[in-house]
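Worksheet: one structure, shown below.
The values are calculated or read from the model by the stated rules, or taken from the named source; none is laboratory data. The model shown is predicted, which means the values in this text are computed figures rather than measured ones. Positions of Cβ are generated from backbone atoms using ideal geometry, with glycine treated the same way; all protein chains shown enter the neighbour counts. The area values use the complete protein model at the heavy-atom level, side chains included, leaving out ligands, DNA and RNA. Shrake-Rupley method; radii C 1.70, N 1.55, O 1.52, S 1.80 Å.
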Amino acid sequence: MRHPLVMGNWKLNGSTHMVSELITGLRNALSRVDGCGVAIAPPVMYLDQARHALAGSRIALAAQNVDINLSGAFTGEISANMLKDVGAQYIIIGHSERRIYHKETDEAIAEKFAVLKEAGLIPVLCIGETEAENEAGKTEEVCACQIDAVLKTLGVPAMKGAVIAYEPVWAIGTGKSATPAQAQAVHKFIRDHIAKHDMATSAEVIIQYGGSVNDNNAAELFAQPDIDGALVGGASLKADVFAAIFKAAAAAKKA
């Protein structure tokens, strides 16, 4: 039985005041809801503050990126060991913004995946197609290629305990969203693709949806059999909206 997960990616947003206020709001809103895992990924400089603010709560700590190196002369980078030291459990890698703005390749992301697994952290592997790729009918080809970079390097056992976040790039920050049926079709393809290597791992891997999830479309998305929660962007910056998304996931997966 897969345990759904809703994660908030704060991206380049935040302040010490916001961290305190938002986490207080989330703790209050989520305290009586179960059936779904929840995590937040603040900017790296607020991870330690967030860890203390989350103490004793059900909310896990995540980070937005990691370097492949564990130490050394790599100015500005953050290692897996450092993230583990400040209490992060989930680490987002391969986000479309990293792929586009920082030119991260599938191979580089696979390296990050390996470093995280070695450190005992949980990779959240983002995959997904651009608008041009979607219109060209290459959604499945792109997703398979991005997954295969990890499978070819590490093998399917590396997927055990990991999370995949399918994020149609054309739906991020645009207000657009795949229909529940469209999202389900891609999630099923991803699960079936992994099943070609190992059926048991395929059945266990958590696959989130990461394309403009909000409190209006969450319930329909989470009702789909292969959608195991969400990687939430802008909507995670409002405690009431993020809580509504989380509650929709918990309710859908109990049904």
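Structure above, values below:
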| read-out | value |
| --- | --- |
| Residue list for the stretch 149-199, filter: in contact (Cβ under 8 Å) with a residue 24 or more places away in the chain and acidic (Asp, Glu) | Glu167, Asp198 |
| In the stretch 1-32, the residues that are open to solvent by 30 Å² or more (accessible area, probe 1.4 Å) and in a loop (DSSP other than H, G, I, E, B) | Met1, Arg2, His3, Lys11, Leu12, Asn13, Gly14, Ser15, Ser31, Arg32 |
| Pick from the stretch 120-141, criterion hydrophobic (A, V, I, L, M, F, W, C) and part of a loop (DSSP other than H, G, I, E, B), ranking: farthest from the chain's Cα centre (by Cα) | Ala136 |
| Checking Ala39 against (1) touching a strand residue (DSSP E or B) at 6+ places or on another chain (Cβ under 7 Å); (2) not in a strand (DSSP E or B), the condition it does not meet | (2) |
| Top-ranked residue of the stretch 33-60 - restricted to ones that are over 23 Å from Phe222 (Cβ atoms) and in contact with a Gly (Cβ under 6 Å, 6 or more places away or on another chain), ranked as surrounded by the fewest Cβ atoms within 10 Å (Cβ to Cβ) | Arg51 |
| Test: residue in the stretch 54-64 that is in contact (Cβ under 8 Å) with a residue 40 or more places away in the chain, over 12 Å from Ala243 (Cα atoms) and in contact with a strand residue (DSSP E or B) (Cβ under 7 Å, 6 or more places away or on another chain) | yes |
| Answer residue from the stretch 89-108, given it is among the hydroxyl-bearing types (Ser, Thr, Tyr) and within 12 Å of Leu231 (Cβ to Cβ) and is most open to solvent (accessible area, probe 1.4 Å) among those | Tyr90 |
| Residue under evaluation Ile78, criteria (1) part of a loop (DSSP other than H, G, I, E, B); (2) open to solvent by less than 40 Å² (accessible area, probe 1.4 Å), criterion not met | (2) |
| Odd one out for His95, checked against (1) modelled with pLDDT of 95 or more; (2) farther than 27 Å from Glu131 by Cβ | (2) |
| Scope the stretch 1-36; condition in contact with a strand residue (DSSP E or B) (Cβ under 9 Å, 6 or more places away or on another chain) and of a type in the set (Val, Ile, Thr); matching residues | Val6, Ile23 |
| Candidate set from the stretch 111-132 (those that are in contact with an Asp or Glu (Cβ under 9 Å, 6 or more places away or on another chain) and among the aliphatic types (A, V, I, L, M)); member that is surrounded by the most Cβ atoms within 10 Å (Cβ to Cβ) | Ile127 |
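Condition check ((1) over 15 Å from the mean Cα position of the chain (by Cα); (2) of a type in the set (Lys, Arg)) across all residues:
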residue	(1), (2)
His17	yes, no
Arg27	yes, yes
Arg32	yes, yes
Cys36	no, no
Tyr46	yes, no
Ala50	yes, no
Ala53	yes, no
Ala60	no, no
Gln64	no, no
